[in-house]
Structure formats: structure tokens, C-alpha cells
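Beneath this line is the structure, given in C-alpha cells, with notes to follow.
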Amino acid sequence: MSNPESPTFLHALSYDATATLAATDANLWPVVFWCAISFLGAYMQYFGAIKNGFRDKTHAIPVGCNLWFFAHDTTFVMNFSHWFYTVDHWLMKAFWVMLVLFALLEATVIYQVLRYSRHKVFPGLTLPQAVGVYLLCQIAAYIAFWWFHQIIEDPLYLLSFTTTVILTPVLTIPLMLQRNSQQGFSPFMLWGYVFLAVGFYPWMYLVDPYFTSPLFVSLGVANIAIALVTLWMYYRLPRFQLSSEQV
């Protein structure tokens, strides 16, 4: 029988919040620099995706990503008092402001899914039925997110932020293959994936020794590589034009 007190993989998924915030302040300008690049990439990703979605009458953020991001971001936003009064750190306050906007952007993608992609995402369902199924999926995403936080120690959401950085390029690849066209995508949006990853991981390396582990460094390299693959795939896909009925 194994020793219940022996270290496990899950026990390694943690960092010291106080030390992380102190390291953030000690490396203020490098953190601001890399954060700015990652924030720029995140905005390029969603603003580009939404613009492309209205242009091509579709959604451009994979549904699974948007479900997870909405659960992540709205949960963070609902903890206003914790971030502004308990933690009371400029970086967490900046995240809160950013994630209010992102929750609105994610709600826009939900509209695009139901308005333009309903018959592909929910074939055979009426609009009320599709809304109901999407709502059930969103509830499941909240439950999955809360479960994720039950099994790790992530006091500043840094590990959950990591999931949002890598998830979109990973799930964009099968969406591209399914569509077999550039529908919904653009270089601006996909360069956002690259900038987000390029800025995110150096920032993490600066703030806690956990994030300099070989596992996390490898994740960063893989994330950037996958983001670049989405760009490479985009240029290999056929161009997309709306049909006369869609116009």
C-alpha cells in the first residue's frame, strides 16, 4: 500500500502566492513588458476572432475553448472582493479589469455560435433547444472548472490561465481541418496566439520557481510551436468566400 503522505504529481501543482506577488514587484518592468505582450496577443485573438466571425458568418473560437474561458473569467470576476481587498495587488486588479472585457467578448462568441453556427454545432435543434443545450454545456464547464481548482492549489489563477493560453491553438487545429478553409480565421487572430504564448511563459518564469521546472518550460515551448502551426496551416488552407445565400 502506498504512503498517503508521499508526494504525488498533483501535490506539485502549486506555488506560493505571497512569494509570487513579491517576485512580481521585484521584477516589475520585465513582468510589465511580458504581460503587455501576452495581453496584446489575447486581445488580438478575441477581437480578431469576433471580427472574422461576423465577416464569414461563423464562430472562430472553438466552442470548447469558449465554454472553458467563460467559466474561468466569470468566476474570476465574481471574486471582486477577494482580488481588490484580500489580495490587493495591482496585477490581480489588472486581471480583473481585463477579464470583465473578456467575459463580454466570450458572450459575443456565444451569440455567433448560436446565430451563425447553430446548424453545424447543434444539428437538427431549434434555436431554443440549442440555447438550452449550450446552457447545459456551460454549467458542465463551470463544474469542470471548479473540480480543476479542487485538485490543484492555484490561489492566483496562474495555472488556470495556463490552460487558457494553450487550449485555443490546440483546438483550433481540428476546427481548421474540419472546415478545410480559412473561414473564420485571419493572420491577425493567429499571430495573437503566438504573442499570447510568447509573452505568457517568460512572465511566469520570472515570478515563481515552480514555473521554471522542465515540465512547465516544455509546455511553453510546445505552446509556441502549436501556435505557429496554426499560422502555417492557415496559409495552406483554401480561401473562403460567402455564398450568395449567406451574403
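Only the coordinates and a few stated rules stand behind these numbers; no lab work does. Note that this is a predicted model, so its numbers are computed, not measured. Every residue, glycine among them, receives a Cβ derived from its backbone with ideal geometry; neighbour counts consider all protein chains shown.
Here are the numbers for the structure shown:
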quantity	calculated
Whole-number D in µm² s⁻¹ for region 36-236, Kirkwood Cα-pair radius fed into Stokes-Einstein, 20 °C, 1.002 mPa s	122 µm²/s
Part-to-part distance (alpha-carbon centres) for region 89-158 and region 164-204, which is given in Å	17 Å
Over the chain: helical MRE at 222 nm, DSSP H runs n ≥ 4 each giving -39500 (n - 2.57), nearest 500	-24500 deg cm²/dmol
Proximal aspartates and glutamates to K120, defined as alpha-carbon separation beneath 18 angstrom and excluding residues fewer than eight positions away on the same chain	D56, E245
At least 24 Å along the helix axis (C-alpha) and Kyte average at least -1.0, DSSP helices within the chain	28-56, 90-116, 127-151, 158-179, 187-207, 214-236
Selected from N180, N66, N223 as most flexible by GNM, with the chain as the system and alpha-carbon contacts under 10 Å	N180
Order by protection proxy (mean Cβ within 10 Å, highest first), peptides 83-91, 111-119	111-119, 83-91
Counted charge near V121, where neighbours are those whose Cβ lies closer than 13 Å (Asp, Glu -1; Lys, Arg +1)	+4
Among I152, I50, I110, residue whose mean-square fluctuation peaks in a GNM of the chain (springs only between Cα atoms under 10 Å)	I152
Proximal charge balance of V77 [Cβ under 15 Å; K/R count +1, D/E count -1]	-1
Charge context of L167, other residues only, Cβ under 14 angstrom, K/R +1, D/E -1	-2
